[in-house]
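All remarks here apply to the structure that follows.
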Amino acid sequence: MSEIRIIPIAQFEAQHLSWPEPDLALLRPELPEPPALPLQDILSSRLAEWVSTAAESKSCPADYIFGGLLSVVASTIGNSRWAMPWHGWHEPPTIWTCLVGDPSSGKSPGLDATIVPLRQVEQRMREKAQAQVNEWNDKAETAKVIESVWRDAVKKAVASDDTPPPRPTGTDPGEQPFLPRLIIADATTERLAVILSRQPRGVLTCRDELSGWIMAMSRYSNGSDRPFWLEAFGGRGYSVERQSRDPITIRNLSVGVCGGIQPMRLNSLLVKADDDGLLARLLPIWPHPAPVMRPKVVPDEFLVENAISRLLTLEMPIDGDGNRRPWFVQFSDDAANLMDEFRKQVRVWEERSDGLLKSFVGKLPGVAARLSLVLAYLEWAVSDVAAEPKEISLEFFGKAAHLVDSYFLPMARRTYAPASVSDDQRAARCLIRLIKEQRWLKFTTRDAMRAERVRLGTVDIINPALKLLEDADIIRPSSKGTASQGGRSSRAYEVNPSIHGGQS
């Protein structure tokens with residue numbers, strides 16, 4: 001059996017003609033590096049310190065803490081306040097965040113930093129409301145007895161041809177009190193509709209694994225829940241209708257979303273997704289894992305809890321028909337001017353994007369408007385200032401635009417990158433990694449297939465990858481053409497030494 005001999009780069013260069021410069025596109029990392037979270041630029045020193053401290057205490061990246069904080073604050077504000085850049089453009093504060101990472105990356109602990117305070121506030125609200133429900137239940141039982149006695153009296157009067165007695169007071173206990181919900185882990189759209197019909201402010205859905213939430217949208221044989229969720233991001237009116245049930249109409253359908261997902265699951269969803277805009281509504285957050293270390297700090301346990309409680313004091317105004325509606329918080333003139341410039345920049349980004357990323361980029365002006373309102377009210381909620389913000393100032397829209405430009409857009413490019421690569425390109429990148437690991441200057445197709453790489457296991461997979469590398473001047477057929485290995489011929493290739501750091 002003859003073998004391909006690996007020779008030093010210097011000797012190889014001396015014996016072979018010079019190579020052209022390789023196309024570096026396939027040599028670049030498939031996954032861009034995550035952007036740095038600009039905490040100090042976006043949040044006050046008090047909030048930035050809390051995020052950093054909470055991240056250390058949870059042994060997770062600060063990015064996860066920040067993502068959970070945005071969704072929790074946004075859903076707590078809910079339909080009580082909407083951003084209004086200018087007349088005719090209204091944005092609810094609804095923000096969907098998607099924490100991307102491997103199972104041990106700390107996604108769930110990171111969410112707990114803000115989800116646990118939200119649940120604590122919810123529990124107190126439900127305990128208070130439960131006392132009212134108990135009182136109503138007692139009244140309802142009494143009402144049933146009074147109703148029963150009256151009906152018996154009516155039957156006797158009718159049988160005796162007497163005048164039936166009038167309906168007594170006390171047969172109507174009134175509308176049953178509602179137990180508030182601030183956060184839901186899993187619920188059907190019908191159940192969510194019932195909740196939102198009684199709680200017009202909105203609610204937050206939090207899932208440990210968002211892939212299950214997305215897959216569950218098609219669980220019904222007669223349709224899909226995707227239209228519901230598409231509208232739940234926009235805060236528009238929506239009617240839910242199912243057979244054998246009365247329709248429910250919601251004036252402003254607003255449901256926040258946060259949760260985690262593993263990179264491979266997300267990539268699979270992105271590759272298979274129909275571009276209906278659902279995935280583009282999620283703000284992906286995919287940082288490097290935090291260093292493994294024992295926490296040395298404890299965050300303020302009541303900062304977020306108190307902020308949530310204060311945000312819940314924001315009332316929804318009542319319109320002329322007696323329905324609760326959002327209060328629109330206008331942009332200042334200079335903030336609106338900056339929004340105009342920001343939209344022009346987004347148009348440039350959009351023209352340079354394609355596929356699902358293009359859909360994501362197109363939503364960034366609305367995302368920036370939402371973020372500006374959330375950031376403004378978050379700072380108010382942790383401050384000692386009594387009056388709530390009366391407008392979205394240049395300061396807070398500037399912070400929101402900076403957050404989108406420097407963080408969320410680069411993070412989306414990182415997240416969408418694997419899905420934008422074809423199967424042939426993935427195989428080609430895998431082959432490049434193998435060549436560099438083995439320090440090959442010559443190799444055969446059988447050498448590559450014997451490496452037992454999943455993406456290089458068959459001729460049908462490896463041939464297109466070899467063609468891409470040839471076109472990029474990374475490899476070229478060897479002058480010997482083929483080599484015999486185990487009685488079978490195998491094509492031989494030479495490698496451009498520059499990919500090993502040599503000079504062509």
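Numbers below:
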read-out	value
Cα-projected label distance for N337 with A25, points at 7 Å along beta-carbon direction, nm	4.2
Residues whose placed amide H lies under 5 Å from that of G259, excluding near-sequence neighbours	T97, L99, R207
Inverse of mean 1/r across different Cα pairs in segment 338-411, Kirkwood, Å	13.1
Highest average packing first - 309-321, 411-423, Cβ atoms within 10 Å	411-423, 309-321
Overall Cα dimensions of segment 103-152, principal axis frame, Å, largest first	67, 21, 7
Calculated over segment 17-113: convex hull of Cα atoms, volume per residue (Å³)	204
Accessible area (Å², per residue) of the chain, counting only protein heavy atoms and a probe of 1.4 Å	50
Using θ = phi - 60° and Karplus 6.51 cos²θ - 1.76 cosθ + 1.60, couplings along segment 26-33 (whole Hz; Gly, Pro as x)	6, 8, 6, x, 5, 10, x, 5
Förster radius 41 Å - calculated FRET efficiency between K436 and D276 (Cβ-Cβ, nearest 0.05)	0.55
Computed lengthening from E175 to M293, 0.36 nm per intervening residue step minus Cα-Cα distance	37.1 nm
Percent breakdown of C-alpha pair distances by 10 Å bin, ordered from the shortest bin, for segment 314-375	19, 36, 26, 16, 4
With Cα atoms, 0 to 90° folded angle of helix 62-77 axis to the chain main axis	30
Percent RCO, i.e. relative contact order, over segment 377-470, from Cα pairs under 8 Å lying at least 6 residues apart	26
Efficiency of FRET from Cβ geometry, R191 and Q123, R₀ 25 Å, rounded to 0.05	0.80
Options P291, I250, W86, ranked by Cα towards positive dipole end of the chain, top entry (Cβ charges)	P291
Calculated from backbone phi, Karplus (6.51, -1.76, 1.60) coupling profile of segment 155-160 in Hz, x at Gly/Pro	4, 5, 5, 5, 5, 8
Once the Cα gyration tensor of segment 65-116 is diagonalised, semi-axes √(5λ) in Å	28, 12, 6
DSSP-defined beta bridges in the chain - what % are antiparallel, rounded to 5	45
Principal axis box of the chain, alpha-carbon based, largest edge first, Å	118, 57, 47
For segment 85-219, projected area of the alpha-carbon convex hull averaged over all directions, nm²	15.3
Percent accessible area from carbon and sulfur atoms, the chain, protein chains only, probe 1.4 Å	50
Segment 285-337: radius of gyration over Cα atoms, expressed as a fraction of 2.2 N^0.38 Å	2.03
Descending Cα extents along the principal axes, segment 131-209, whole Å	67, 25, 19
Where Rh is the Kirkwood radius over Cα pairs, Rg/Rh for segment 236-357	1.03
The chain: angle of helix 45-58 to the longest principal axis, Cα-based, in degrees nearest 10	70
C-alpha long axis of helix 394-403 to longest principal axis of the chain, angle in °	40
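The values are calculated or read from the model by the stated rules, or taken from the named source; none is laboratory data. None of the values given here were measured: they were computed from a predicted structure. With ideal geometry, Cβ positions are generated from the backbone for all residues, glycine too; neighbour counts draw on all protein chains shown. Note: accessible area is taken over every heavy atom of the protein model, side chains too, but ligands, DNA and RNA are not part of it. Shrake-Rupley method; radii C 1.70, N 1.55, O 1.52, S 1.80 Å.
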